[in-house]
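Working notes, beginning with the structure itself.
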Amino acid sequence: DLVRQLKASKESNEKIDEEVSRLLALKATLGGDATPANQKFTLKTRKGTRDYAPQQMTLRQGVLDKIVQVFKRHGGEAIDTPVFELKEVLTGKYGEDSKLIYDLKDQGGEILSMRYDLTVPLARYLAMNKISSIKRYHIAKVYRRDNPAMTRGRYREFYQCDFDIAGTYDPMLADAECVKIVAEILNTLDIGDYVIKLNHRQLLDGMFEACGVPANCFRAICSAVDKLDKSPWEDVRKEMVEEKGLDGATADKIGEYVRLSGGADLVEQLLADPKLKAVPNAVKGLEGMQLLLKYCALFGLEQRISFDLSLARGLDYYTGVIYEGVLKVDPSPAGSPAKSSQNGEQAMEQGGTVGSVAGGGRYDNLVGMFDPRGKAVPCVGVSIGVERIFSVLEAKFAASKVKLRTSDVEVYVASAHKGLHEQRLRVLNQLWDAGIKAEHSYKLNPKLLAQLQHCEEHQIPLAIVLGDSELAQGIVKLREVTTRQESSVPLVELPDEIRRRLQK
């Protein structure tokens, strides 16, 4: 009855799902969780999750392989951490987004939560193992109780793809390399034109101070500014004033700054601003941006970066440089406004941009939160929005009607007539032992036409056709599937000949 009332009052699906879960848990406690024998199941993936078919997995794996190549080129080492953490490890690290953390039931006296990102688990890992320097990458699933927008790559279960540099180094050298990594990955994936927005958390705090924002409101106002990528200034100002209690005149002063963007010339302009010059945090942030832009220029990134004061990134743990890679043109045929990225950032089509596909920044104090002595390990990193990238590429391939190969099979062993299944197994064993990817039919006497059609359908480049007369001579027919040309090859030379053909 309660669920019916919630539906009648048009409550959110999330609230209804929570109530249903609570009632099911109560039912289980009362011993009523036995499943009736005639119960019909509704087969579907849960809200914010999806299954992936072989074609989609092939595309996804190809993207991840390219990203890993870039990470390794920059000296990255892989690590992995558990999918859940103690709730206290995650609590208080994400600002307003903390409400999106998935909590688990008490597990033997431990209160656990599903990991929200890969950065906080990294910080816990570094503190726990007393590691003061590492250059690591980590690709794994994370979980958020978010409102999904699945057609645009926003899920409750999704992959993050992180690269972080931990250690005490000279200013902006590691930060600039992270920006370079974003550019290399987006260039390699070829998903469209993009811009990498840059800003500095110290500059934001200095700007808030110069505008008269109370120090205890910095994070809340920063969270509001972070919404400028998807909401107009008028809406953000309204949130600052009506929801967060900021003085209207102060909000207007912030508005004068957060709508500025440019390059080194903008840094010079702001360094000369009397209000900012009077605030040490703002000056430090601007000097840091000056150095970062210089290093980015040495990396050949001048045409790819923009110093943008509207970039805030709401996560509480950032302390220095912050950046975000944004697609400028949507290569998908729909061309509809993007509303998400897998990092949890949202973006509407605004000023020629359609979505965030990478984000990160410096977080120097996070590791110290977990160290008993508060020992800090400075860190800077980037997270690639692979789910958003997958969505864009899936749409692109669907429009082109290109069929991706879903297996790496190089040769198919076929039989021309009945009674050759044992000979097929011998040839297969010879090929597998030689490291060649091969398969055959699991029928004893398959029709030759069906076997060759399988090769064409699955884009297998070569087929071996076995026949009694050829086997008696110690040879087989090697067929190129696309041209249908056949030639006789001695069995002993078969692996070498296959390799030669595949290298053409």
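The values are calculated or read from the model by the stated rules, or taken from the named source; none is laboratory data. Predicted model, so just to flag it, every value in this text is computed and none were measured. A quick note on method: Cβ atoms are made from the backbone with ideal geometry, for glycine too, and the neighbour counts reach across all protein chains shown. These area figures cover heavy atoms from the full protein model, side chains too; ligands, DNA and RNA do not enter into them. Shrake-Rupley method; radii C 1.70, N 1.55, O 1.52, S 1.80 Å.
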**Prompt:** What do you reckon, is LEU204 under 28 Å from GLY255 (Cβ atoms), modelled with pLDDT of 95 or more and open to solvent by less than 10 Å² (accessible area, probe 1.4 Å)?
**Reply:** no
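I'd like to check which helices (runs of 4 or more DSSP H) are fully inside the stretch 1-107 and have at least 1 residues that are surrounded by 15 or more Cβ atoms within 10 Å (Cβ to Cβ) and touching a strand residue (DSSP E or B) at 6+ places or on another chain (Cβ under 8 Å).
Details: elements: 2-8, 13-29, 54-73, 87-90.
Qualifying helices (runs of 4 or more DSSP H): 54-73, 87-90.
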**Request:** Kindly provide the set of residues from the stretch 175-193 that are farther than 15 Å from VAL63 by Cβ, open to solvent by less than 10 Å² (accessible area, probe 1.4 Å) and not β-branched (Val, Ile, Thr), ordered by number.
**Result:** ASP175, ALA176, CYS178, ALA183
**Item:** ALA251 vs. criteria in a helix (DSSP H, G or I), open to solvent by 20 Å² or more (accessible area, probe 1.4 Å) and of a type outside the set (D, E, K, R)
**Value:** no
**Asked** Which one of these does GLU410 not meet: (1) surrounded by 17 or more Cβ atoms within 10 Å (Cβ to Cβ); (2) charged (D, E, K, R); (3) more than 18 Å from CYS455 (Cβ to Cβ)?
**Response** (3)
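How many residues does the stretch 198-246 contain that are of a type in the set (D, E, K, R), under 17 Å from ILE322 (Cβ atoms) and in a helix (DSSP H, G or I)?
6
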**Request:** Go through (1) among the small types (Gly, Ala, Ser); (2) more than 30 Å from TYR194 (Cβ to Cβ); (3) in a strand (DSSP E or B) one by one and return the number of the condition ALA450 breaks.
**Result:** (3)
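For ILE139, are the conditions met, namely being open to solvent by 10 Å² or more (accessible area, probe 1.4 Å), closer than 27 Å to LYS66 by Cβ and either modelled with pLDDT of 95 or more or of a type in the set (Ser, Thr, Tyr) (or both)?
Working: open to solvent by 10 Å² or more (accessible area, probe 1.4 Å): yes; closer than 27 Å to LYS66 by Cβ: yes; either modelled with pLDDT of 95 or more or of a type in the set (Ser, Thr, Tyr) (or both): yes.
Considered against the rule, which asks whether it is open to solvent by 10 Å² or more (accessible area, probe 1.4 Å), closer than 27 Å to LYS66 by Cβ and either modelled with pLDDT of 95 or more or of a type in the set (Ser, Thr, Tyr) (or both), ILE139 comes out as yes.
Filter the stretch 354-370 for residues that are open to solvent by less than 20 Å² (accessible area, probe 1.4 Å) and either in a loop (DSSP other than H, G, I, E, B) or within 27 Å of GLY325 (Cβ to Cβ) (or both) and give the result. Reasoning before the result, please.
First, the residues of the stretch 354-370 that are open to solvent by less than 20 Å² (accessible area, probe 1.4 Å): 354-361, 363, 366-368.
Within the stretch 354-370, VAL354, GLY355, SER356, VAL357, ALA358, GLY359, GLY360, GLY361, TYR363, LEU366, VAL367 qualify.
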**Complete:** Checked pairs for the stretch 225-242, first of a type in the set (Val, Ile, Thr) and open to solvent by less than 20 Å² (accessible area, probe 1.4 Å), second modelled with pLDDT under 90 and assigned to a helix (DSSP H, G or I), C-beta under 6 Å and 6 or more apart or across chains, list as VAL225/VAL258; VAL236/ALA224; VAL236/LYS227; VAL236/LEU228
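So, TYR116, is that one of a type outside the set (A, V, I, L, M, F, W, C), part of a loop (DSSP other than H, G, I, E, B) and touching a strand residue (DSSP E or B) at 6+ places or on another chain (Cβ under 7 Å) or not?
Working: of a type outside the set (A, V, I, L, M, F, W, C): yes; part of a loop (DSSP other than H, G, I, E, B): yes; touching a strand residue (DSSP E or B) at 6+ places or on another chain (Cβ under 7 Å): yes.
Answer is yes for this residue.
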**Request:** Kindly list the number of the only condition in (1) open to solvent by less than 70 Å² (accessible area, probe 1.4 Å); (2) within 21 Å of MET57 (Cα to Cα) that fails for LYS401.
**Result:** (1)
**Message:** If a residue must be more than 34 Å from the chain's Cα centre (by Cα), over 17 Å from ARG500 (Cα atoms) and not basic (Lys, Arg), how many such residues does the stretch 405-432 contain?
**Reply:** 14
**Asked** Exactly one of (1) within 17 Å of the chain's Cα centre (by Cα); (2) aromatic (Phe, Trp, Tyr); (3) farther than 28 Å from ARG22 by Cα is unmet by TYR125. Its number?
**Response** (1)
**Message:** Being assigned by the TED database to the domain that holds ASP193 and surrounded by 15 or more Cβ atoms within 10 Å (Cβ to Cβ): is that true of ALA312 here?
**Reply:** yes
**the stretch 148-176 residues that are modelled with pLDDT under 90, paired with ones that are open to solvent by less than 10 Å² (accessible area, probe 1.4 Å) and of a type in the set (Asp, Glu) (beta carbon under 8 Å, 6 or more apart)** = GLY153/GLU387; ARG154/GLU387; TYR155/GLU387
**Request:** Evaluate the following for LEU266: is it in a helix (DSSP H, G or I), touching a Phe, Trp or Tyr at 6+ places or on another chain (Cβ under 9 Å), of a type outside the set (D, E, K, R) and in contact (Cβ under 8 Å) with a residue 24 or more places away in the chain?
**Result:** yes
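Please go through the stretch 371-398 and pick out each residue that is among the aliphatic types (A, V, I, L, M), surrounded by 18 or more Cβ atoms within 10 Å (Cβ to Cβ) and in a helix (DSSP H, G or I).
If we filter the stretch 371-398 for residues that are among the aliphatic types (A, V, I, L, M), which is where we start, we get 376-377, 380, 382, 384, 386, 389, 392-393, 395, 398.
Those left that are additionally surrounded by 18 or more Cβ atoms within 10 Å (Cβ to Cβ): 377, 380, 382, 384, 386, 389, 392-393, 395.
Selection gives VAL386, ILE389, VAL392, LEU393, ALA395.
Answer yes or no as to whether ALA210 is over 18 Å from the mean Cα position of the chain (by Cα) and open to solvent by less than 10 Å² (accessible area, probe 1.4 Å).
On the way: over 18 Å from the mean Cα position of the chain (by Cα): yes; open to solvent by less than 10 Å² (accessible area, probe 1.4 Å): no.
In short, no.
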**Message:** Looking at (1) at pLDDT below 90; (2) open to solvent by 50 Å² or more (accessible area, probe 1.4 Å), which one does GLY300 not meet, given that it meets all the others?
**Reply:** (1)
